[in-house]
Amino acid sequence: MKRVVFVRHGQSEWNALNQFTGWVDVDLTKLGLKEAHEAGLKIKRAGLEFDLAFTSVLKRAIKTCHIILEDSDQLWVPEIKTWRLNERHYGALQGLNKEATAEKFGIQQVQIWRRSYDTLPPLAKPEDPNSALNDRRYAHLQKRSIPMGENLKITLARVIPFWEDEIAPAILDQKTVLVVAHGNSIRALAKYMENIPEDKIMELEIPTGQPLVYELNEGLEVIRKYYL
Ligand SMILES: O=C(O)[C@H](O)COP(=O)(O)O
């Protein structure tokens with residue numbers, strides 16, 4: 001039987017402040033570190049041994065990945081980092097407080113921005129200091145003509161090619177794989193793997209720091225899914 005384990009990073013500084021985060025590269029909080037250590041321990045206790053780990057290019061996921069591998073005594077495991085597993089880019093919402101934004105634009109609008117499948121967030125302007133990030137990571141979006149902000153549909157369209165090209169072949173090659181990513185990149189993967197319809201995916205929430213195991217058959221269809 002084949003296995004892939006998804007873990008959303010531990011609580012980040014902006015999760016704690018309830019701010020839209022997206023591609024802003026914030027660190028883990030103390031609680032986030034604790035969640036990562038607990039995830040590592042759960043994986044160790046479950047006897048899960050990985051052959052390969054994948055994570056994003058954002059430090060909250062990378063650190064969670066390293067803590068898990070260290071605490072389960074598997075720090076040797078080869079690791080691949082990719083922007084394709086990043087959190088969805090939250091456009092001009094990045095850095096805004098979710099509650100204050102709901103007070104300004106209404107709870108319903110904010111819920112649409114957060115959970116609608118194909119509504120884009122308000123787009124960030126590249127020169128907007130709040131969109132952070134004048135850095136090379138934005139070049140990935142620009143080069144691919146992806147707008148400065150993603151909905152789940154666009155997120156899925158950039159996550160799934162990576163699944164198809166890198167993760168799925170590794171699993172088919174008998175490798176047990178760890179994927180440490182983000183709420184919305186994991187939702188995109190779950191939607192694809194479980195064939196969850198567009199109007200149902202908005203109900204799926206991914207908690208921080210909880211290892212989610214998918215058992216798969218030879219054709220990579222989901223047999224069973226459970227949290228450790
Ligand atoms: O980027 C963020 O703000 C969070 O990590 C995910 O946020 P969401 O639950 O509002 O999509």
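Only the coordinates and a few stated rules stand behind these numbers; no lab work does. In this text the structure is predicted, and so the values were computed from the model without any measurement. Cβ atoms come from the backbone with ideal geometry, glycine included; neighbour counts cover every protein chain shown.
Between residues in the range 1-16 that are in contact (Cβ under 8 Å) with a residue 60 or more places away in the chain and residues that are away from the ligand (no atom under 16 Å from the Cβ) and among the aromatic types (Phe, Trp, Tyr), which pairs lie under 9 Å by C-beta distance while being six or more apart or on different chains?
Within 9 Å, the pairs are LYS2/TYR214; ARG3/TYR214; VAL4/TYR214; VAL5/PHE50; VAL5/TYR214; PHE6/TYR214.
So which of ALA53, ALA92, ALA100 ends up being in a helix (DSSP H, G or I) and in contact with a helix residue (DSSP H, G or I) (Cβ under 8 Å, 6 or more places away or on another chain)?
Details: ALA53 fails: in a helix (DSSP H, G or I); ALA100 fails: in contact with a helix residue (DSSP H, G or I) (Cβ under 8 Å, 6 or more places away or on another chain).
So the residue among ALA53, ALA92, ALA100 that is in a helix (DSSP H, G or I) and in contact with a helix residue (DSSP H, G or I) (Cβ under 8 Å, 6 or more places away or on another chain) is ALA92.
Condition check: among the charged types (D, E, K, R), touching a strand residue (DSSP E or B) at 6+ places or on another chain (Cβ under 6 Å) and on the phi < 0 side of the Ramachandran plot. Does ARG88 satisfy that?
On the way: among the charged types (D, E, K, R): yes; touching a strand residue (DSSP E or B) at 6+ places or on another chain (Cβ under 6 Å): no; on the phi < 0 side of the Ramachandran plot: yes.
Answer is no for this residue.
Tell me, which helices (runs of 4 or more DSSP H) lie completely within the range 162-214 with 3 or more residues that are of a type outside the set (Ser, Thr, Tyr) and in contact with a strand residue (DSSP E or B) (Cβ under 9 Å, 6 or more places away or on another chain)? Before the answer, list the steps.
On the way: elements: 168-172, 183-194, 198-201.
Qualifying helices (runs of 4 or more DSSP H): 168-172, 183-194.
It is to be established whether one or more residues within the range 163-178 are within 13 Å of the chain's Cα centre (by Cα), within 16 Å of the ligand (Cβ to nearest atom) and aliphatic (A, V, I, L, M).
No, the range 163-178 contains no residue that is within 13 Å of the chain's Cα centre (by Cα), within 16 Å of the ligand (Cβ to nearest atom) and aliphatic (A, V, I, L, M).
Name the single residue, out of those in the range 3-38 being in a strand (DSSP E or B) and over 12 Å from the mean Cα position of the chain (by Cα), that is farthest from TYR227 (Cα to Cα).
Looking only at the range 3-38, we keep the residues that are in a strand (DSSP E or B), and these are 3-8, 12, 19, 28.
Filter again for over 12 Å from the mean Cα position of the chain (by Cα), leaving 3-5, 12, 19, 28.
Working: ARG3: 13, VAL4: 12, VAL5: 9, SER12: 20, GLN19: 26, LEU28: 21 Å.
The qualifying residue farthest from TYR227 (Cα to Cα) is GLN19.
Go through (1) within 16 Å of the ligand (Cβ to nearest atom); (2) in contact with a Phe, Trp or Tyr (Cβ under 6 Å, 6 or more places away or on another chain) and name the single condition ILE160 misses.
Failing condition for ILE160: (1).
Filtering the range 189-228 down to residues that are of a type outside the set (Ser, Thr, Tyr), within 13 Å of the ligand (Cβ to nearest atom) and touching a residue at least 40 places away in the same chain (Cβ under 8 Å), which residue is surrounded by the most Cβ atoms within 10 Å (Cβ to Cβ)? Spell out the reasoning first.
Initial filter on the range 189-228 (of a type outside the set (Ser, Thr, Tyr)): 189-191, 193-207, 209-213, 215-225, 228.
Applying the additional criterion that residues be within 13 Å of the ligand (Cβ to nearest atom) yields 201-207, 209.
Going one step further and asking which of them are touching a residue at least 40 places away in the same chain (Cβ under 8 Å), we end up with 201-202, 206-207, 209.
On the way: ILE201: 20, MET202: 16, ILE206: 18, PRO207: 12, GLY209: 25.
Among residues in the range 189-228 that are of a type outside the set (Ser, Thr, Tyr), within 13 Å of the ligand (Cβ to nearest atom) and touching a residue at least 40 places away in the same chain (Cβ under 8 Å), the one surrounded by the most Cβ atoms within 10 Å (Cβ to Cβ) is GLY209.
Going residue by residue through the range 62-85, is there one that turns out to be touching a residue at least 60 places away in the same chain (Cβ under 8 Å) and within 10 Å of the ligand (Cβ to nearest atom)?
Within the range 62-85, none of the residues are touching a residue at least 60 places away in the same chain (Cβ under 8 Å) and within 10 Å of the ligand (Cβ to nearest atom).
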